[in-house]
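Only one structure is covered here, and it is reproduced in the block below.
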Amino acid sequence: MEIKVLKDILGANEQMAERNRQLLDSNQVFAVNLMSSPGAGKTSLILETINRLKGKTRVGVIEGDVSSSLDAELIAKQGVPVVQINTGGGCHLDANMTYSALSNVPLQDIELLLIENVGNLICPAEFALGEHRKVLISSVPEGDDKPFKYPLMFHQADAVLINKIDLLPYLKFDTQAFSQAIKGINREVEIFQISCATSQGIEQWVSWLLTQMSMKQS
Amino acid sequence: MHELAITQNMLDLVLEQAKKAEARKVGRINLVIGEMTGVVDGCVQFYFGFLSEGTIAEKAALSFTVVPTTARCRGCDKLFKLKEFDWTCPYCQGNNMEIVAGQELFVESIEVE
Ligand SMILES: Nc1nc2c(ncn2[C@@H]2O[C@H](COP(=O)(O)OP(=O)(O)OP(=O)(O)O)[C@@H](O)[C@H]2O)c(=O)[nH]1
Ligand SMILES: [Mg+2]
Ligand SMILES: [Zn+2]
């Protein structure tokens, strides 16, 4: 006997993500899922963002890492609440792991939650966490062909940050072609050119982030 | 690597549906997978082999329908399959499009006894 199912394989994760979103909303916390390849600059961006928002917006961080807690320690030094999720070899965060981490985040004391996903451009694209925005960091040394190799990630992103632009003079990277390719399949996307080494472009990124947060609140 | 998590989720969904139908055995699982998801069918097959052991879906045949990444050109409105390294419309060379298929990841149906 054949039974029609027609159900999403990741439906359970979607439901859990929705529950996370409700929890965040009820605490008026805006959550951002930061995704990139390993080493593209997620932790550096979090540190830059915290620095820029000091005294203005209260930030919390969830650090997804395959095993170490180095990134979490860097962030804790900034006096920001940080919860570490060790995926134990897993290649992405999922809504369930995020839910457990959320119980350790002081949601009442923060307005912005930055979630550093596991460094990987394939798997995290499939798993919603309950975030309000998906942000993708793609760095200059990785090359400008990344959108073609990982279309789903680029298609879903609300913002793409081209990081390490301080290295542009030394590497072959066509920012215009890169941006045009992404815009071609994702009309609404915002693209920023930044450097966490020189802080160039960080102001524009943070200002976009604050606008997104205020749009959510009103 | 995400195939492990995806296969586990798929198996949970299948077992839930089979239980609802009071099935004794799942003989076949028909899956629809969009090309954009990057899910490798061989990996799903591999993980399914050991995850399903001891369940009523053990030894079920998996069949995969792969949906190509398909775009609709916003310039000329034509549908086309997105090429790997060239995201332009083959009809008008425009580069403003909407992805209309290729993100699927669902269980179409199961065959049970
Ligand atoms: N030149 C340059 N180096 C950068 C920039 N941003 C980050 N880096 C360096 O890139 C390396 C990786 O940065 P991280 O911030 O740790 O990257 P990540 O994405 O968190 O890495 P994982 O957590 O391991 O996936 C570090 O050595 C940073 O100092 C930048 O804008 N320019
Ligand atoms: Mg990091
Ligand atoms: Zn066209």
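The values are calculated or read from the model by the stated rules, or taken from the named source; none is laboratory data. Remember, predicted model here, so these are calculated numbers, not experimental data. With ideal geometry, Cβ positions are generated from the backbone for all residues, glycine too; neighbour counts draw on all protein chains shown. The area values use the complete protein model at the heavy-atom level, side chains included, leaving out ligands, DNA and RNA. Shrake-Rupley method; radii C 1.70, N 1.55, O 1.52, S 1.80 Å.
Before moving on, here are some points about what is shown:
- Volume in Å³ per residue [convex hull over Cα atoms, computed for the protein assembly as shown]: 150 Å³
- In chain B, the longest principal axis of the Cα atoms and the axis of helix B:41-51 are about 20 degrees apart.
- In a fully extended conformation the segment linking A:Ser199 and A:Asn51 would gain 52.2 nm over its present Cα-Cα distance, using 0.36 nm per residue.
- Spacing of the modelled spin labels on B:Phe50 and B:Ala21, each 7 Å from Cα toward Cβ, amounts to 2.9 nm.
- Pairwise centroid distance, computed over Cα atoms, of the stretch A:133-152 with the stretch A:1-24, Å: 27 Å
- Cysteines in chain A that lack a partner Cβ within the 4.7 Å cut-off: A:Cys196.
- Among the listed pairs A:Lys77/A:Lys164; A:Lys134/A:Lys172; A:Lys56/A:Lys134; A:Lys7/B:Lys81; A:Lys56/A:Lys183; A:Lys54/A:Lys146, a Cα-Cα separation exceeding 30 Å is found for A:Lys56/A:Lys183; A:Lys54/A:Lys146.
- Against the main long axis of the alpha-carbon atoms of chain B, helix B:2-20 sits at an angle near 60°.
- Kyte-Doolittle mean at least 0.0 and Cα axial length at least 30 Å: DSSP H helices in chain A: none
- Selection of trypsin sites (Lys or Arg not before Pro), the stretch B:1-53, meeting DSSP coil and at most 12 other Cβ within 10 Å: B:Arg24
- Note on B:Lys59 and A:Gln180: the model spin-label points, each 7 Å out from Cα along the C-beta direction, lie 5.8 nm apart.
- With all protein chains in place and ligands, DNA and RNA left out, the 1.4 Å accessible area ranks A:Cys196, B:Cys89 as A:Cys196, B:Cys89, largest first.
- Both numbers refer to the Cα atoms of chain B; Rg and Dmax are 17.7, 54 Å.
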